[in-house]
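Taking it in order: structure first as structure tokens, then the write-up.
The values are calculated or read from the model by the stated rules, or taken from the named source; none is laboratory data. All of these numbers come straight from a predicted model, not from anything done at the bench. Please note: Cβ atoms are built from the backbone with ideal geometry, for glycine as well, and neighbour counts cover all protein chains shown.
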Amino acid sequence: MKRLLGKLYRVILAVAILVAGIVAERTGLIEYLSDPYEYPVIMELFMQHLYMVALSMTFATIIGITAGILLTRQRFRRYAGICMYIIGLGQTIPSLAVLALAMNFLGIGTKPAIFALTIYSILPIARNTLAGITAVPPELIDAGKGMGMPPIKVLMEVEIPNAMKVILTGFRVALIINIGTAALAYVIGAGGLGDLIFTGISLMQTDKLLAGAIPVTLLALFADFLSELLGVALVSRGLRLSE
């Protein structure tokens, strides 16, 4: 059965690639991408998109994990609900509205885009960090304390390793959301692949639209794959085997 499914998967993949090639040829995408004048522009927009995603995810990860850890400590645990509500406000507002608000006090360009993307990406990371550490069995924490570990060592060697899978799930969700939302940064002059997407829509040029949309899709799929590899590297083998 597995061999049959494997063959079926290859057939479906081959058909999908064939259809994609036909669509790319019919819409003029291949000709557009091979244009020596357009290719450098596409690469520049791609690097702008990657820069915004990388920088905003770095900030969001640092803030989200720090907030999640602090809210699991005894003195701050009572404020977890209100703090998660405040952090979650960033995602209750539509992404375009967040970009517009950021533009009002940071101007136009890359800075407000990175700020808005950071705000939009914090919640999944903070929420999953809080949930993952809270779900660590108390007996594991008690065992660490019984071995004479100080609180910081219990956190780094017991709580975070056992919560890592849940934390990485939040990171993956935030990363995929970030990559898609970064395309909207074009409307506030930050560039990125959204430039090609919205220009293609406004001029009804399918080749330009696909030249922006396909890299965004591939970037999201590649990010998801990298998140899987990150899970293999950071989640302990014992926890992976237990599942």
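Residue by residue, here is whether (1) within 25 Å of residue 212 (Cα to Cα); (2) in contact with an Asp or Glu (Cβ under 8 Å, 6 or more places away or on another chain); (3) among the β-branched types (Val, Ile, Thr); (4) surrounded by fewer than 16 Cβ atoms within 10 Å (Cβ to Cβ) holds:
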| residue | (1), (2), (3), (4) |
| --- | --- |
| 42 | yes, no, yes, no |
| 55 | yes, no, no, yes |
| 61 | no, no, yes, no |
| 75 | no, no, no, yes |
| 79 | no, no, no, yes |
| 86 | no, no, yes, yes |
| 94 | yes, no, no, yes |
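Quick check on my filter: what residues within segment 133-165 are under 14 Å from residue 65 (Cα atoms) and of a type in the set (Val, Ile, Thr)?
Within segment 133-165, 133, 134, 160 meet the criteria.
Do we have residue 156 as at pLDDT 85 or above and closer than 30 Å to residue 214 by Cα here? It is false that residue 156 is at pLDDT 85 or above and closer than 30 Å to residue 214 by Cα. Flag not set for residue 188, criterion: out of contact with any Asp or Glu (no Cβ under 9 Å at 6 or more places or on another chain), within 25 Å of residue 227 (Cβ to Cβ) and buried (at least 18 other Cβ atoms within 10 Å of the Cβ). Listed by first and then second residue, the pairs linking a residue in segment 86-106 that is farther than 17 Å from residue 56 by Cβ to a residue that is surrounded by 11 or more Cβ atoms within 10 Å (Cβ to Cβ), with Cβ atoms under 6 Å apart and 6 or more places separating them unless they lie on different chains, are 88/123. The helices (runs of 4 or more DSSP H) found wholly in segment 12-129 and carrying at least 3 residues that are modelled with pLDDT of 90 or more, of a type in the set (Gly, Ala, Ser) and assigned by TED's automatic domain parsing to the domain that holds residue 191 occupy 39-70. The criterion of being touching a His at 6+ places or on another chain (Cβ under 6 Å), in a helix (DSSP H, G or I) and surrounded by 18 or more Cβ atoms within 10 Å (Cβ to Cβ) does not hold for residue 163. Taken over segment 166-189, residues that are outside any helix (DSSP H, G or I) and touching a His at 6+ places or on another chain (Cβ under 9 Å) amount to 0. Would you please name the residue that is farthest from the chain's Cα centre (by Cα), looking only at residues in segment 191-218 that are outside any helix (DSSP H, G or I) and either crowded, with 17+ Cβ neighbours inside 10 Å or not assigned by TED's automatic domain parsing to the domain that holds residue 55 (or both)? Taking the candidates together, the pick is 191.
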